[in-house]
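Everything below concerns the one structure shown next.
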Amino acid sequence: MKKLLTENMALKISAVLISVFLWFFVTSRGQSEMSLDIPLEFMNIPADIGIVNTSVKTVSVTVRGQERTMKNLKASDVRVYVNLEKAKKGEEVFNINTNDVKLPYSLSVTNMTPATLRVKLDETASITVPVKPVLVGDPETGFFVNTLKVEPKNVVLKGLKSEVRRLRIVKTEPVDITDLNKTLTQEVNIDTGGASVTPNPGTVKVTINISEKKK
């Protein structure tokens, strides 16, 4: 038995090496690579924590696969997730590895840059503030704004504590009353002025009562 295993050992080793080479040659034929800039997506963010900023917004992912598959590959087919489940207030460094990349079947990641990112986090807070309606234009000649009503009068703002603290009032998006000669009721979005906060509700009902001037 031992003789059978050791006989013509050189030939057997050569056969194995040739088989490996042929397998590699066949599987690598028609392969190509593509680099894509993929936006980072954050998951499992604690309820009382919010993201202030990050060192990068996207990562460069190099993907390898069969040419026929790669031809149809789009950036939207690739997702990169960062798990913030254990995140705390302050600045933290998170690793990004190939396990964080979701790809179509049969594709693989050969490179990813950067491999780490810094995330600054802060506590979140809520505050109730009044809503101020914003009007643009003037009613028709001989008419004026008699009363102005907003429902609800207040909204709850939720967001980063540093952002929420500086807000004492929010405005609506502008309501155009140019040449208006009758009462108007309109659903209007809340304008947070660029602050990283979420209003609840996000819209209010504005009623503009237009009256005719006495002659």
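We did not get these values from a lab; they are worked out from the coordinates using the rules stated. If you're wondering where the values come from, they're calculated on a predicted model, not measured in any experiment. Cβ atoms come from the backbone with ideal geometry, glycine included; neighbour counts cover every protein chain shown.
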Stretch gain in nm, segment Thr147-Asn111, where the contour uses 0.36 nm per residue and the Cα spacing is subtracted: 6.6 nm
Mind putting a number on the dipole of region 133-212 about its Cα centre? Charges go on the C-beta only, +1 for Lys and Arg and -1 for Asp and Glu, and I need it in Debye to the nearest 20. 720 debye
Positive end of the dipole of the chain, charges at C-beta (+1 Lys, Arg; -1 Asp, Glu), about the Cα centre: which of Ser76, Phe143, Thr185 has its Cα farthest in that direction? Ser76
Tally of Lys pairs whose C-alpha atoms are under 17 Å apart, taken over region 30-123, 8 or more apart or cross-chain: 5
Taking only Cα atoms, what is the 0 to 90° angle, nearest 10, from helix 9-28's long axis to the longest principal axis of the chain? 20 degrees
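I need the trypsin sites (Lys or Arg not before Pro) found in region 58-163, filtered to DSSP loop residues with at most 13 other beta carbons within 10 Å of theirs.
On the way: sites: Arg64, Arg68, Lys71, Lys74, Arg79, Lys86, Lys88, Lys89, Lys102, Arg118, Lys120, Lys149, Lys153, Lys158, Lys161; in loops: Lys71, Lys74, Lys86, Lys88, Lys89, Lys153.
Listed in order of number, the matching sites are Lys71, Lys74, Lys86, Lys88, Lys153.
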What is the antiparallel percent of DSSP beta bridges lying wholly in region 30-123, to the nearest 5? 85 percent
Determine the sum of side-chain charges near Gly137: Lys and Arg each +1, Asp and Glu each -1, restricted to other residues whose C-beta is under 11 angstrom from that of Gly137. -4
Run the quick spin-label model on Gln31 and Ile169: label points 7 Å from Cα toward the beta carbon, then report their separation in nm to one decimal. 6.5 nm
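Just from its helices, what would the mean residue ellipticity at 222 nm be for the chain, if runs of 4 or more DSSP H residues each count -39500 (n - 2.57) and the sum is divided by every residue, rounded to the nearest 500 deg cm²/dmol? Kindly include the intermediate steps, with their values, before the conclusion.
Numbers: 4 runs with 33 residues, N = 215.
Result for the chain, helices only: -4000 deg cm²/dmol.
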Identify which of the listed values of mean projected area of the Cα convex hull in nm² was calculated from the structure shown: [x] 11.1; [y] 12.7; [z] 20.9. [z]
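Roughly how big is the chain's charge dipole about its Cα centre, with Cβ charges of +1 (Lys, Arg) and -1 (Asp, Glu), in debye to the nearest 20? Present the calculation step by step, with values, prior to reporting the outcome.
Details: 30 positive and 23 negative charges, 87 e Å.
Roughly 420 debye, rounded to the nearest 20.
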Largest fluctuation, Ile49, Ile169, Ile96 only, Gaussian network model of the chain with Cα springs under 10 angstrom, belongs to Ile169
For a footprinting-style exposure proxy, rank Val136, Val188 by other Cβ within 10 Å, fewest first. Val136, Val188
Once you treat every alpha carbon in region 133-212 as an equal point and sum by Debye, what is log10 I(q)/I(0) at q = 0.20, 0.21 Å⁻¹? -0.83, -0.88
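Sort Leu148, Leu184 so that the residue with the fewest other Cβ atoms within 10 Å of its own Cβ comes first and the one with the most comes last.
If I rank by nearby Cβ atoms, fewest first, I get Leu148, Leu184.
Excluding the sites themselves, what is the longest stretch of the chain that contains no GluC sites (Glu not before Pro) in a DSSP loop with at most 15 other C-beta atoms within 10 Å?
8-84
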Pull up the cross-link candidates among the aspartates and glutamates for Lys149, meaning alpha carbon to alpha carbon under 19 Å and not fewer than 8 places away within one chain. Asp138, Glu173, Asp176, Glu187, Asp191, Glu212
